[in-house]
């Protein structure tokens, strides 16, 4: 079965010849299967860990997995074709879990598998997902003692009660069956922690604002690798609660591995945005922000991925990190990861009221106001024209001015222009 992994590199005859030579070179100390695995490894198609399956860049992958769950075959009808059969098996290793699908005649083999046994699999991965289609499998003598817990899913018998912490914009997506749909994501929290909330009927939340405390019936609870997610059914009923729901909030000094909560801290440093190519061959961005808690004894790294890397943060900002998994990085320190289903934002604290006159300057981070001595980041709902001189009255804090009123003014255009030219 190992030839399938390298069939694009050499013929079956050439592969068999290599396997035979490999076995001979080792003095007959290994069997044919082991020799085939060694040849595959030499050709750059070695076994991978389960956690690496979603990001695999090859059309086929090979891995070992312990059988955690066997879902019996069920029949389905393909459009315009004969009925088909599909079964699935959940496999795990110390790095994660994956669902393996077995189709048609392979589905019948599911009845011959045994829980807690270890199998070697060659499969076709589904990019970005913890799913693989079985091409071939065999029993293995490999021992896997500990594995990640398999994913769970259940319809909640009781209403989900929590506070809407973040409401993301609704977006148009294509479902697996090819049909278009609208998806809206939220972050909800209570005293036990925070979680991602998914709704396929955004109209259900039309009267629900950020900060609202709600009770939702008709919710499916999913959990995988310790991360909880809720899916709201199309028939869900949402009620606004009059009482406040407390949310688990941690100071940056108190963060421990495995938590999802609201984490607060003060920014101490911000790295530049770094562009990189993902394992799937797409371009992405990352930026690191260091924060400290009230004791200021230790710094916690917050990794901002994708669009989150473009957000502006300045040393001294007080921020909230919402529903970012806390994991140990390669240095053994706790790190927060802000990506899908999590958020990071600046908390506006009291500042001094002031009035600043200057020129509106566009910057990559947004509009700024240059008064000839200091550059202030300008936050306003208005749209002042870049290059114009304005007077802004508002709250000034930590290099930002939050505008309350904006009026035009003549300003000292000459000195500002001279200063700007000197920076070029």
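The values are calculated or read from the model by the stated rules, or taken from the named source; none is laboratory data. In this text the structure is predicted, and so the values were computed from the model without any measurement. A quick note on method: Cβ atoms are made from the backbone with ideal geometry, for glycine too, and the neighbour counts reach across all protein chains shown.
The table that follows gives values for the structure above.
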quantity: Tally, over segment 147-169, of residues that are assigned to a loop (DSSP other than H, G, I, E, B) and in contact with a strand residue (DSSP E or B) (Cβ under 9 Å, 6 or more places away or on another chain); calculated: 10
quantity: Qualifying residue in segment 187-207 (condition: more than 25 Å from residue 293 (Cβ to Cβ), assigned to a loop (DSSP other than H, G, I, E, B) and free of Cβ contacts under 8 Å to residues at least 24 places away in the same chain); calculated: yes
quantity: Filter result for residue 40 (part of a helix (DSSP H, G or I), touching a helix residue (DSSP H, G or I) at 6+ places or on another chain (Cβ under 6 Å) and either within 18 Å of residue 140 (Cα to Cα) or modelled with pLDDT of 80 or more (or both)); calculated: yes
quantity: Residue 173 exposed (fewer than 13 other Cβ atoms within 10 Å of the Cβ) and assigned by TED's automatic domain parsing to the domain that holds residue 235; calculated: yes
quantity: Unique residue being touching a helix residue (DSSP H, G or I) at 6+ places or on another chain (Cβ under 8 Å) and in the same structural domain as residue 407 (by TED's automatic domain parsing) when the list is 358, 265, 339; calculated: 358
quantity: Number of the condition not met by residue 136 [criteria: (1) modelled with pLDDT under 85; (2) under 27 Å from the mean Cα position of the chain (by Cα); (3) surrounded by 12 or more Cβ atoms within 10 Å (Cβ to Cβ)]; calculated: (2)
quantity: Conditions (1) within 33 Å of the chain's Cα centre (by Cα); (2) at pLDDT 80 or above; (3) surrounded by fewer than 14 Cβ atoms within 10 Å (Cβ to Cβ): number failed by residue 88; calculated: (3)
quantity: Test: residue in segment 362-370 that is surrounded by 12 or more Cβ atoms within 10 Å (Cβ to Cβ), in contact with a strand residue (DSSP E or B) (Cβ under 8 Å, 6 or more places away or on another chain) and assigned to a loop (DSSP other than H, G, I, E, B); calculated: yes
quantity: Matching entry among 197, 183 (being surrounded by 11 or more Cβ atoms within 10 Å (Cβ to Cβ) and farther than 19 Å from residue 239 by Cβ); calculated: 183
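Okay, residues lined up against (1) touching a strand residue (DSSP E or B) at 6+ places or on another chain (Cβ under 9 Å); (2) surrounded by fewer than 17 Cβ atoms within 10 Å (Cβ to Cβ); (3) over 14 Å from residue 255 (Cβ atoms); (4) in contact (Cβ under 8 Å) with a residue 24 or more places away in the chain:
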{"residue": "269", "(1), (2), (3), (4)": "yes, yes, yes, yes"}
{"residue": "273", "(1), (2), (3), (4)": "yes, yes, yes, yes"}
{"residue": "278", "(1), (2), (3), (4)": "yes, yes, yes, yes"}
{"residue": "281", "(1), (2), (3), (4)": "no, yes, yes, yes"}
{"residue": "286", "(1), (2), (3), (4)": "yes, no, yes, no"}
{"residue": "290", "(1), (2), (3), (4)": "yes, no, no, no"}
{"residue": "297", "(1), (2), (3), (4)": "no, yes, no, yes"}
{"residue": "303", "(1), (2), (3), (4)": "yes, no, no, yes"}
{"residue": "306", "(1), (2), (3), (4)": "yes, yes, yes, yes"}
